[in-house]
């Protein structure tokens, strides 16, 4: 078994203000790599050559050459394919450990239908407070007329294509669209700040790395 220090969390944020978590991504805006003690954030609009997405590709390749295993929550079905699509990064199956596919998480899903990272972390006693402010911003954005109009139109399509009720469809797409806008707006503020660590976007993105590494220790050790 690989030792704990041979694991690195990998996580991404994307520009996605649509309702489909895969099809509506326009680009990767950031890549986060690290563990609970040290984290690195690379982003698309960086003016620092050490923090660009190109630099993240070099770092991934370097860690792979050293035998590191990349881990994270739901990475096989999101982060890994998106990295390949937008950055041409391929991580071999043997170098991937998906926390969402561990026996403990599978048990939680079967019994309580838990899917979100924060739900699993709470079940395992891991704090996820870093998501609170972003979620609050998303809630506020649900009242914005352009977002409501977009959700209304998309919900009607979901009723036809998926057979869902309109109310369920509207709530579902409104959550996705407002959440995507909240992340993108926080990212834009982060870029304006020159990549400051005391920004909402940085704390949100790096917070996932920290809590996922803590979750790794609970699930694997």
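Here, each number is a calculation from the coordinates, and none is a lab measurement. Just so you know, these numbers come straight off a predicted model, no measurement behind them. Cβ coordinates were reconstructed from backbone atoms using ideal geometry, including for glycine residues, and neighbour counts include every protein chain displayed.
General observations
- All Cα-Cα separations within the chain were binned at 5 Å from zero, giving a P(r) of 1, 7, 13, 17, 19, 18, 13, 7, 3, 1, 0, each value a whole percent of the pairs.
- Across segment 40-91, Cα pairs under 8 Å and at least six residues apart give a relative contact order of 22 percent.
- Bridge orientation summary for the chain: considering DSSP beta bridges with both residues in this region, about 65 percent are antiparallel.
- Additional length obtainable on full extension of the chain from residue 94 to residue 113, 0.36 nm per residue less Cα span: 4.1 nm
- GNM on the chain, alpha-carbon springs under 10 angstrom: the most fluctuating residue among 54, 182, 205 is 54.
- In the chain, Cα pairs under 8 Å separated by at least six residues give a relative contact order of 27 percent.
- Between the C-alpha center of segment 74-100 and that of segment 154-190 there is a gap of 24 Å.
- DSSP bridge orientation in segment 4-87 - percent antiparallel, rounded to nearest 5: 80 percent
- By the count of neighbouring beta-carbon atoms within 10 Å, fewest first, 86, 78 end up ordered 86, 78.
- Look at 121, 51 and count the other Cβ atoms within 10 Å of each Cβ; fewest to most, that gives 51, 121.
- Residues 52, 71, sorted so that the one with the fewest Cβ neighbours within 10 Å comes first: 52, 71
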